[in-house]
Every structure is written in structure tokens, then in C-alpha cells.
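Quick note: the coordinates plus some simple rules give every number you see, no bench work behind them. On a predicted model such as this, the values are computed, not experimentally measured, just so you know. A quick note on method: Cβ atoms are made from the backbone with ideal geometry, for glycine too, and the neighbour counts reach across all protein chains shown.
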Amino acid sequence: MAKTPDRAPASHVGDGGETHQTASAPDARLTTNHGAPISDNQNSLKAGPRGSTLLEDFILREKIQHFDHERIPERIVHARGSAAHGVFELTDSLSDYTTARILTAVGEKTEVFTRFSTVAGGAGSIDTPRDVRGFAVKFYTREGNWDLVGNNIPVFFIQDAIKFPDLIHSVKMEADRGYPQAASAHDTFWDFIGLTPESTHMIMWAMSDRAIPRSLRMIEGFGVNTFRLLNAEGVATLVKFHWRPKLGTQSTCWDEAVKIAGADPDYHRRDLFEAIEQGDFPEWELGVQLFSQEEADALPFDILDATKLIPEEDHPIRVIGRMTLNRNPDNFFAETEQAAFLPTNIVPGIDFSEDPLLQGRLFSYQDTQLSRLGTVNFHQIPINQAKGCPFQNFQRDGHMQTQVFKGRANYEPNSLAQAGEDGGPREDPKGGFRTAPVPVQGEKVRLRAETFADHYSQARLFFRSQTEIEQAHLASAIVFELSKVSLPHVRERILANLRNVDETLAQRVADGLNLPLPEASQAAVAPIDLEPSPALRIVGKYPDTLKGRKVAILVADGSDGAVVDAVRAAVEGDGGSVFIVAPKVGGAKLKGGKLLAADGQLAGSPSVLFDAVAIVLSDEGCADLLKEGAAVDFAKDAFGHLKAIGHTPQAQPLLDKAGVEPDAGVVDLSADADAFLAPARTRQWDREPKVRMLA
Ligand code: HDE
């Protein structure tokens with residue numbers, strides 16, 4: 001087995017004259033992939049010290065060739081992702097509804113691997129585009145792997161899997177020019193959306209602040225498609241799965257998300273990794289919405305239509321368990337990149353529905369792994385192995401087969417056991433996977449069910465359920481995106497569709513574009529007004545603490561250490577963490593001469609990376625920073641992004657230069673550092689009309 005060297009092993013003087021550590025004990029030696037010890041990892045084999053490299057150098061060839069093949073095709077969607085290991089613990093048994101052990105064995109801890117992702121961008125793209133986030137959980141259960149491959153939005157753009165390649169082609173970079181990367185604000189996406197009214201509900205979500213999350217630790221998750229649970233009597237119950245973050249659902253501001261993309265393209269990946277590294281383990285509750293076929297039939301839409309949700313107010317979510325992510329991957333490629341999530345990874349007691357989107361997914365994921373991971377044996381890669389139970393069958397051979405099967409039996413049925421040999425595993429008619437015996441009948445047709453035809457009622461429901469603040473953000477997001485669209489007829493079609501959602505929304509977007517409102521488009525089914533669902537909001541959905549939040553304290557030479565200490569104590573006492581920012585990373589000399597080391601240099605630590613800021617400056621420190629654009633932007637952006645700003649009175653000239661106006665979120669720290677906490681726990685929504693023109 002290859003051993004990972006943690007030190008440079010050659011005992012050699014390289015061309016530069018530097019010496020390297022050596023290893024002679026066999027278990028510490030650097031070797032080739034086939035185990036031959038390597039004497040020199042610094043120099044290739046040459047015909048004389050200045051001669052050509054020799055083809056014979058198998059060590060060089062092996063190393064370069066391996067490197068040449070280090071990348072595998074990235075995921076066609078959800079390429080950019082971050083993941084962590086953790087555990088799931090069931091707290092409430094669903095034994096009335098299912099035989100699945102993962103949903104009935106209360107208190108049992110099951111290992112999980114969870115990968116979050118953006119959808120449109122490539123593997124090296126930014127973490128904060130406006131986009132849906134993937135939320136894929138692999139449960140290593142004792143009855144096989146169960147993958148709940150969901151998103152942070154409970155509905156989807158399309159109703160039938162056959163439209164998926166079109167949707168994805170339209171949102172990805174345009175075919176001829178290869179841009180934009182990781183952005184939906186362009187012609188082809190909005191062209192597809194305008195021509196596909198079923199996407200309107202999801203568009204409301206994608207244009208809401210949910211699509212610009214503050215942290216992966218602060219997103220909800222949804223199974224989206226309807227599934228079935230199957231109990232011991234063979235009775236099926238319909239189910240939708242929900243994940244709810246313990247830290248609440250929180251978002252960035254759009255302008256902030258754009259700036260974070262430059263300041264820290266790995267913002268979410270870093271946040272997740274660091275939180276887990278520091279023992280601040282993110283948690284989610286798993287909830288279910290359960291409903292019978294009769295209840296489903298009584299709903300004003302079809303539960304097989306993935307563009308629809310079931311309002312929590314009508315069918316409450318029953319919390320049944322908790323997931324804690326507590327361990328970072330050891331190796332990004334081996335685990336996060338090679339993880340293969342499959343909606344077909346399902347366990348006895350859970351079953352699919354006939355949702356035509358889900359049905360297509362059941363084919364796609366297995367298929368895509370073959371091109372991505374290159375072999376039918378991808379289930380043998382450690383991250384994909386069924387760890388909770390043995391896997392055993394008669395499938396054999398193939399590329400990268402890592403198992404050495406013993407015995408003669410590679411078929412079934414067989415009677416080798418009668419001859420005293422190992423006959424291999426057998427079917428389990430009682431405990432094995434069963435499909436719910438759902439009656440099906442009808443002609444073979446390529447049709448969309450009439451019950452899928454209402455494309456606007458739930459889009460309207462979503463928009464009208466939002467707070468005023470969120471409605472303004474949503475309208476402004478559509479204005480932003482359509483302003484990047486260059487084809488006038490595409491913009492016009494979207495406006496025409498929006499009129500079916502809500503006339504005021506359509507008017508606001510038209511005004512934001514400075515365009516006339518076109519005639520409303522013809523809706524296949526006239527939208528109806530549904531009872532608003534406050535559960536669809538984000539504002540107010542986060543806990544009133546600084547848990548999971550990061551506060552920057554900006555210091556410079558002469559800053560008052562007592563104020564820094566007081567802010568730190570207040571923030572940490574409330575569950576938040578503190579990050580010291582100074583003009584130089586070596587730190588600042590505080591009043592009294594003590595040096596305070598910085599966690600980050602001002603130029604590389606803009607306020608967009610933090611939830612609130614404290615600006616602790618002396619008169620001299622402030623005078624210096626007035627000449628530093630990064631310091632002015634630090635205050636200006638914190639104000640513009642509706643963050644609390646704590647400050648010493650001496651920092652006032654900087655605040656003035658940055659255009660910071662007094663309000664409830666601008667707090668003098670010299671009086672009482674605790675006064676900073678309440679505004680730091682939230683955004684200053686009242687300030688927004690002062691800093692930007694919303695649609
Ligand atoms: Fe996926 N999707 N998807 N998707 N999806 C993939 O599988 C696909 C859909 C989701 O972290 C691919 O392994 C089709 C809905 C997540 O590795 C691919 C359709 C939802 C991830 C694929 C959908 C998702 C994927 C690409 C329409 C929310 C990332 C790489 C019928 C419920 C998993 C891969 C990870 C990944 C196909 C729609 C979630 C191509 C055909 C709806 C979270 O197989």
C-alpha cells in the first residue's frame with residue numbers, strides 16, 4: 001500500500017546544494033507505486049550531468065504520468081463542492097410507517113458523508129454565486145448506503161427529467177463564448193426560463209436570498225422529490241424530507257456576495273472546514289412531511305410534480321433526527337471528489353415515487369459516475385463503500401477491481417454448499433428491498449399530466465409569503481439578472497410571465513429595467529391565491545445569538561487593548577468568534593506598548609468576510625487609516641451590508657469618511673461593549689433604503 005511521506009526523504013545534495021532528510025527504515029522510505037525504494041527524488045536520470053534525460057528513467061515517467069492523469073472529469077453539474085463526515089442519530093421512530101432501520105432505531109448512530117455544492121460553476125469556481133446549493137447526504141446504514149441527494153430549495157426548475165440537459169446547458173457558460181462562469185445572469189438561461197413557465201416557482205426561490213447563503217452551515221436542505229415509506233404490512237406512506245440548520249437560515253447581501261467572490265473565492269469551503277476544525281460542529285435536524293395517498297389526492301396540485309411544495313402550515317414537519325458534521329475529509333480528492341451520490345442508493349422500507357424528474361435521476365447518477373470515475377467498480381472506492389454492512393454478490397471483474405474474490409461460486413443459484421464449498425450470498429425475501437405495490441395502468445404516452453399544469457400559483461404563494469425586505473431583494477435580483485440579458489425579447493417574455501405571478505412584482509421589475517410592461521403571457525391554468533406561508537421566509541428564521549458568526553476587530557498602533565478585550569469577551573460569550581484585523585499581519589502595538597498579533601492583514605481581510613465589525617482605533621491610528629482605502633472600504637462596506645459597527649469615539653473620522661451615518665447598528669464601544677451584541681446578531685434592515693435603491 002502506498003505510504004504518504006510526511007517529510008522529504010532523500011539523503012542527497014541537489015543542484016541547489018540543499019540537503020534533504022533521509023530514510024533507511026523500510027516503512028519510512030519513499031517508493032514508486034510498485035514499491036521500489038527511491039534514492040533521489042530531486043534529479044531525473046540523464047546522460048551526464050548536463051545531458052538529455054533517459055527514457056529508462058521509470059521513476060520520472062511514473063511520477064509525471066501519474067501527475068498527467070491526476071484530474072478526472074468534473075461533475076457536469078454540482079462540480080464545486082465541499083464535504084464533511086459526521087453522524088446521524090434518530091430521535092423519533094417512524095416504525096408505524098417504515099421498516100428502514102435508519103428511520104426506526106432510535107439512538108443508533110449512523111456515519112454520514114455530506115457534500116454541499118453550487119450547481120452551475122466548474123470545480124474551481126467561486127463559492128458565492130447566486131445559485132442553488134446541493135445538499136447530498138450519504139448514510140452508511142446497516143442495510144446499505146442510503147443517499148438523500150437534495151438541494152437547499154424544495155422545488156425544481158422542471159417537471160420532467162428529459163428537460164434537464166436543456167436547463168443545464170442554458171445556465172452553464174454559453175456554448176460559443178465559454179462565459180459566464182457560475183452565473184445565471186445571461187441570455188441563454190433566461191431564454192430557457194421564459195420559454196419554460198414551469199420554472200417560475202423555482203425562479204422565485206433562486207432570485208431570493210436563499211441562493212446567496214451566508215454559510216453552508218446555514219442552509220436548509222430538501223429531498224425535493226416525493227418518496228414513499230413502506231411498513232411491515234406493506235402499507236405505503238408518502239414522504240418529503242427536510243433538513244433544518246441549527247444555526248438558522250442566513251444569507252449574504254448580493255453586493256456582499258459579489259465582493260466575497262473576489263476577497264475569498266473559498267468562503268464557504270473555508271468556513272465549513274474551519275468550523276469543524278475548531279470543534280464548532282454544524283448540525284441539522286432531519287424532518288419529514290408524511291401524508292397518505294388520500295391526503296395527497298386532496299391537495300390542489302400533484303405531489304409527483306417537483307415544481308410544487310407542500311406548505312408546512314398544512315402538513316407540519318415532524319423532526320425525527322439530527323445530523324452533526326464533525327470531521328473534515330483527510331483528502332479532498334479521495335473523498336469529496338470521488339464521492340458518488342446516487343438516488344438509487346436506497347434501503348428497504350424507503351421507496352421512490354413516480355415523479356418523472358426522480359425517475360430520470362434514477363438513471364442519471366449511476367451513469368454519470370461511469371464517465372466520472374471510469375469504472376463500474378466505483379462502489380469500491382473507500383468513500384463510496386457500504387461501510388455499515390457487508391456488500392456481497394456475484395458481480396465480478398471490470399476495471400480497477402480491488403477485491404480478490406475467493407472460491408468457485410460466481411453465479412446464483414448454485415449448490416456448491418452441498419459439496420462443502422462456499423456457495424456465496426443468497427436472496428433475503430423477507431428483509432430484502434421491496435417496491436411498494438403501487439397500481440399502474442394506462443397507455444404508453446409522451447404527455448405531461450394535466451395536474452402538472454398550474455405553473456404560477458405557488459410562485460405567487462412564495463412571493464407573497466415573503467417579508468417586504470425579501471420581496472425587495474427578490475425583485476432587485478430579477479432586475480439585476482435581466483439587466484445582464486441582452487436580448488430584448490427575452491426580457492419581455494420574463495416580464496410577461498411575471499404578471500401571472502404578481503402584478504406588483506412585474507411592475508417593480510419593469511420599473512427597475514425602465515421598460516414598459518408587456519401583455520401578460522397566457523397561463524395554461526389561471527393562478528389561484530393560496531394562503532401565505534410564513535415558513536417560506538428567511539428573515540427572522542435565525543437564532544438570536546452570535547453562534548457561528550464571526551466578528552472582526554480592526555486595530556492599529558495605539559488601539560486600546562481594554563476595548564479589544566471587552567469586545568472579545570462579549571462576542572465569545574455570545575457564541576461568536578473574533579478575528580483581529582490590522583494594517584500589518586505582524587500585529588499592532590497597543591496603547592501601553594503591548595503587541596497584538598493580527599489574524600489577517602487589512603488589505604486581505606475586508607469586512608465582507610465578517611458578520612459584524614468593531615473598529616477600535618486611537619486618534620493617531622485613525623489618522624493613519626484615513627489614508628488607507630482598504631480601511632475606508634472596511635467601514636463603508638460594513639455599513640452598506642447592513643452590519644453592526646462598534647467603534648471607539650476616536651474612529652469617528654474614518655466612519656465619516658466612509659459615509660457611515662448614525663443608527664441603531666452603529667455603537668460606541670467605549671460606553672459598553674455588550675451594547676454591540678444585539679445589533680451584531682442581525683442585519684440592520686432599517687438601514688437598507690439609505691444605502692441602496694431596491695426595486
Ligand atoms: Fe442532480 N445530478 N439531477 N439534482 N444532483 C447530479 O450526478 C440530475 C436534481 C443533485 O455532491 C449528477 O454525481 C438529473 C434535483 C445534487 O456529488 C447528475 C436531474 C436535485 C448533486 C445529476 C437532476 C438534484 C447532483 C452530476 C433531473 C435535488 C451533487 C454528478 C432529472 C433533489 C451530488 C453526479 C454530489 C448531481 C443528474 C435534478 C441534486 C448528472 C438528470 C431535482 C445535490 O447525475
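For residues that are over 12 Å from Gly121 (Cα atoms) and free of Cβ contacts under 8 Å to residues at least 40 places away in the same chain, tally how many sit in the range 179-188.
Total satisfying the criteria: 1.
Within the range 338-385, which residues are more than 8 Å from the ligand (Cβ to nearest atom), of a type in the set (Gly, Ala, Ser) and surrounded by 18 or more Cβ atoms within 10 Å (Cβ to Cβ)?
Gly349, Ser353, listed by residue number.
Give the residues of the range 282-302 that are surrounded by 18 or more Cβ atoms within 10 Å (Cβ to Cβ) and closer than 18 Å to Arg460 by Cα, sorted by residue number.
Once the filter is applied, which keeps residues that are surrounded by 18 or more Cβ atoms within 10 Å (Cβ to Cβ) and closer than 18 Å to Arg460 by Cα, the range 282-302 yields Phe301, Asp302.
Suppose the filter is over 30 Å from Arg434 (Cα atoms) and surrounded by 23 or more Cβ atoms within 10 Å (Cβ to Cβ); does Arg177 pass it?
no
Within the range 368-387, does at least one residue satisfy the condition of being assigned to a loop (DSSP other than H, G, I, E, B) and over 25 Å from Thr141 (Cβ atoms)?
Within the range 368-387, one or more residues are assigned to a loop (DSSP other than H, G, I, E, B) and over 25 Å from Thr141 (Cβ atoms).
Step by step: first the residues of the range 18-51, then only those that are charged (D, E, K, R) and in a loop (DSSP other than H, G, I, E, B), then the one that is nearest to the chain's Cα centre (by Cα). Which residue is that?
Arg29
State yes or no: is Gly512 over 30 Å from Ala695 (Cα atoms) and of a type outside the set (Val, Ile, Thr)?
no
Do you know which of the residues in the range 79-111 that are part of a loop (DSSP other than H, G, I, E, B) and over 30 Å from Ala232 (Cβ atoms) is farthest from the ligand (Cβ to nearest atom)?
Going through the qualifying residues, I end up with Arg80.
Could you tell me how many of the residues in the range 334-354 are farther than 11 Å from Phe433 by Cβ, of a type in the set (Asp, Glu) and in contact with a strand residue (DSSP E or B) (Cβ under 9 Å, 6 or more places away or on another chain)?
2
Anything in the range 303-335 that is within 21 Å of Val155 (Cβ to Cβ), within 16 Å of the ligand (Cβ to nearest atom) and touching an Asp or Glu at 6+ places or on another chain (Cβ under 9 Å)? List them, or say none.
Residues satisfying the conditions are Ile303, Leu304, Asp305, Ala306, Thr307, Lys308.
Only one of (1) surrounded by fewer than 24 Cβ atoms within 10 Å (Cβ to Cβ); (2) in contact with a strand residue (DSSP E or B) (Cβ under 8 Å, 6 or more places away or on another chain); (3) more than 20 Å from Lys308 (Cα to Cα) is not met by Thr118, so which one is it?
Here Thr118 meets the rest and fails (1).
Take the range 176-187 and flag every residue that is more than 16 Å from the ligand (Cβ to nearest atom) and closer than 27 Å to Lys259 by Cα.
Selection gives Arg177, Gly178, Tyr179, Pro180, Gln181, Ala183, Ala185, His186, Asp187.
As an exercise: evaluate Pro73 against (1) within 16 Å of the ligand (Cβ to nearest atom); (2) under 25 Å from Arg270 (Cβ atoms) and give the number of the one condition it does not meet.
Condition (2) is where Pro73 drops out.
Among the numbered criteria (1) in a loop (DSSP other than H, G, I, E, B); (2) closer than 24 Å to Val155 by Cβ; (3) within 16 Å of the ligand (Cβ to nearest atom), which single criterion is violated by Thr114?
(1)
What are the pairs with Cβ atoms under 8 angstrom where one residue, in the range 218-229, is near the ligand (Cβ under 7 Å from one of its atoms) and the other, located anywhere, is of a type in the set (Ser, Thr, Tyr)? Sequence gap at least six, or different chains.
If the second residue must be of a type in the set (Ser, Thr, Tyr), the pairs left are Asn225/Ser353.
Looking at the range 252-273, I want the residues that are under 16 Å from Arg217 (Cβ atoms) and have a partner that is of a type in the set (Phe, Trp, Tyr) and buried (at least 17 other Cβ atoms within 10 Å of the Cβ) with Cβ atoms under 6 Å, at least 6 apart or on another chain. Which pairs are those?
As it stands, the answer is Ile260/Tyr267, since those pairs meet every condition given.
List the strands (runs of 3 or more DSSP E) that sit entirely inside the range 122-233 and contain at least 2 residues that are at negative phi and over 22 Å from the mean Cα position of the chain (by Cα).
227-230
Name the residues in the range 568-618 that are among the β-branched types (Val, Ile, Thr) and either surrounded by 18 or more Cβ atoms within 10 Å (Cβ to Cβ) or on the phi > 0 side of the Ramachandran plot (or both), would you?
Selection gives Val571, Val578, Ile580, Val581, Val608, Val613, Ile615, Val616.
List pairs: first in the range 325-338 and over 22 Å from Ser215 (Cβ atoms) and touching a residue at least 40 places away in the same chain (Cβ under 8 Å), second aliphatic (A, V, I, L, M) and part of a helix (DSSP H, G or I), Cβ under 8 Å, 6+ apart or cross-chain?
Sorted first by the residue in the range 325-338, then by its partner, the pairs are Ala334/Ile383; Gln338/Leu373; Gln338/Ile383.
With respect to the numbered conditions (1) under 30 Å from Pro390 (Cα atoms); (2) more than 17 Å from the chain's Cα centre (by Cα), which one is the sole condition not fulfilled by Pro311?
Just one mismatch for Pro311, condition (1).
Mind checking which residues of the range 128-165 are away from the ligand (no atom under 11 Å from the Cβ) and not polar (S, T, N, Q)?
Across the range 128-165, the qualifying residues are Pro129, Arg130, Asp131, Phe139, Tyr140, Arg142, Glu143, Gly144, Trp146.
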